[in-house]
Each structure stands twice: as structure tokens, then as C-alpha cells.
Amino acid sequence: MRFTISILTMFVLLGCGEDPLPKPKAYLRLDYPKPEYKQYQSSSTPIVFDKNEEVSKVNVRQLQGETKTVGIDLVYENLQGTIYLTYKRVERDKERLITFLKDAQKFTQEHTRKADEIVEQPYLNEERKVYGMFYEVGGNAASQSQFYVTDSLNHFLTGSLYFYTKPNYDSILPAAKYLENDIKRIMETVKWQ
């Protein structure tokens, strides 16, 4: 009996020490490779832009029912997302350009039901004749980033970022920010042929 009490006393005395401290909050660390860009041109469109080497696959397709409209999908398998680009010919038709602009803006505004906010960032490059708008969509919307660029005469390019998962803004934010930089790079480097 004395032996048992001695052992219990020893455990109590040895077990008492410093007060326990809560563990600090941990954050998920996601390391994405530094982007390396190369110029990309599809034989189906008269545009050239820089494409991240992380793009695992490029799908080019003629959109059904629409003349002179080409879809280009930049697939990021490692990030489980795709930047969908759509190229349309304006053909110096002011009404056609206005329709394209309204459609691009309407498409972005459709996300307001799920979005917490939509931040517009105008883009203008007089030297290369590239004018457009970048939209950053906050919250659990289906698409986190969208844009359009045009030369106002012949060319119109839109793009949207989608992930292969149910939208959860907190979870996809790091990947969305990484691909947002790729979208801005496309806007900054697009050239009309």
C-alpha cells in the first residue's frame, strides 16, 4: 500500500510543471512555383499573349453557332482550375462591340448573388491599343476573376477563372490569387495580329 501511495505521489509531483499553453494558430502553407511565361499564339485566333508554363493543357475550339468566335481553355490540372478565354471578331462594327461589352459586364454582374464584392480595375495601354476591365470577385461566387480586353475596332477577348470544386472562397483564395496574376499577365501582354 505504501508503495502504491509513493508511486502516485511521485507521478503527481513529476506531472506538475509548467502551465500548459494553447497551440498557436496554424495556417495552411501552399507553395506555388514561380511563374515562367512563354508567348502563346493559336492558329485559330489573331492574338498573342504570355502563357504560364504551369498550364498543363490548352484546348482550342470553335464555338458552335457563333461565327468568328473561338474558345481557348488554359487548363491548370495541378491547381484544379481553368481560365476560359473567348475571342470574338468585332469587324469595325460599333453595335457589335457595344453588345460584346454589355454581355461581358452582364456576365460578371450575374455573380452578385453569391459574391461579397466585385472590384473593377480598368486597364488601358494606348501603345498596344489594348483597353479593358479586370473584375475581382470576392466571396463564394463560381468565378473569382473575369476580364475583357479589346482594341475597339477588330478584336474582343474575354476570360473567366473557374475551379473544379464547389466555391469556398477561403479554401481557393491562394490558388485564385496565383491565377489572377496569370490573367493580368494575359491582359498586359496581349497583342493583336
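The values are calculated or read from the model by the stated rules, or taken from the named source; none is laboratory data. Since we're looking at a predicted model, the values are computed, not measured. No Cβ is skipped: glycine too gets one built from the backbone with ideal geometry, and neighbour counts run over all protein chains shown.
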**OP:** From (1) in contact with a Gly (Cβ under 8 Å, 6 or more places away or on another chain); (2) among the hydrophobic types (A, V, I, L, M, F, W, C); (3) within 14 Å of L85 (Cα to Cα); (4) part of a helix (DSSP H, G or I), pick out the condition that doesn't hold for V149.
**Re:** (4)
**OP:** Could you please let me know if E117 is under 30 Å from S171 (Cβ atoms) and outside any loop (DSSP other than H, G, I, E, B)?
**Re:** yes
Original post:
Is it fair to say Y123 is over 23 Å from S42 (Cβ atoms), part of a strand (DSSP E or B), modelled with pLDDT of 90 or more and out of contact with any Leu (no Cβ under 9 Å at 6 or more places or on another chain)?
Top reply: no
Subject >> Yes/no for K166 being among the basic types (K, R) and in a loop (DSSP other than H, G, I, E, B) >> reply: yes
Subject >> Candidate set: segment 142-151, residues that are surrounded by 21 or more Cβ atoms within 10 Å (Cβ to Cβ) and within 15 Å of the chain's Cα centre (by Cα); chosen: the one nearest to K88 (Cα to Cα) >> reply: Y148
**OP:** Looking only at segment 37-63, count how many residues are part of a loop (DSSP other than H, G, I, E, B) and touching a strand residue (DSSP E or B) at 6+ places or on another chain (Cβ under 7 Å).
**Re:** 9
**OP:** Please determine, by comparing only the residues of segment 152-166 that are over 18 Å from I186 (Cα atoms) and within 16 Å of the chain's Cα centre (by Cα), which one is modelled with the lowest pLDDT.
**Re:** K166
Original post:
Restricting the search to segment 64-90, which residues are of a type in the set (D, E, K, R) and either free of Cβ contacts under 8 Å to residues at least 40 places away in the same chain or touching a strand residue (DSSP E or B) at 6+ places or on another chain (Cβ under 6 Å) (or both)?
Top reply: E66, K68, D73, E77, K88
**OP:** Count, please, the residues in segment 16-59 that happen to be modelled with pLDDT of 90 or more and charged (D, E, K, R).
**Re:** 8
Original post:
Which of the residues belonging to segment 111-120 are exposed (fewer than 13 other Cβ atoms within 10 Å of the Cβ) and at pLDDT below 90?
Top reply: R113, D116, E117, V119
**OP:** Give segment 67-92 a look and list any residue that's hydroxyl-bearing (S, T, Y), assigned to a strand (DSSP E or B) and more than 11 Å from Y164 (Cα to Cα), or say none.
**Re:** T69, Y84, T86, Y87
Original post:
Mind checking which pairs have a first residue in segment 169-193 that is under 14 Å from N52 (Cα atoms) and a second that is modelled with pLDDT under 95 and in a helix (DSSP H, G or I), Cβ under 6 Å, 6 or more apart or different chains?
Top reply: none
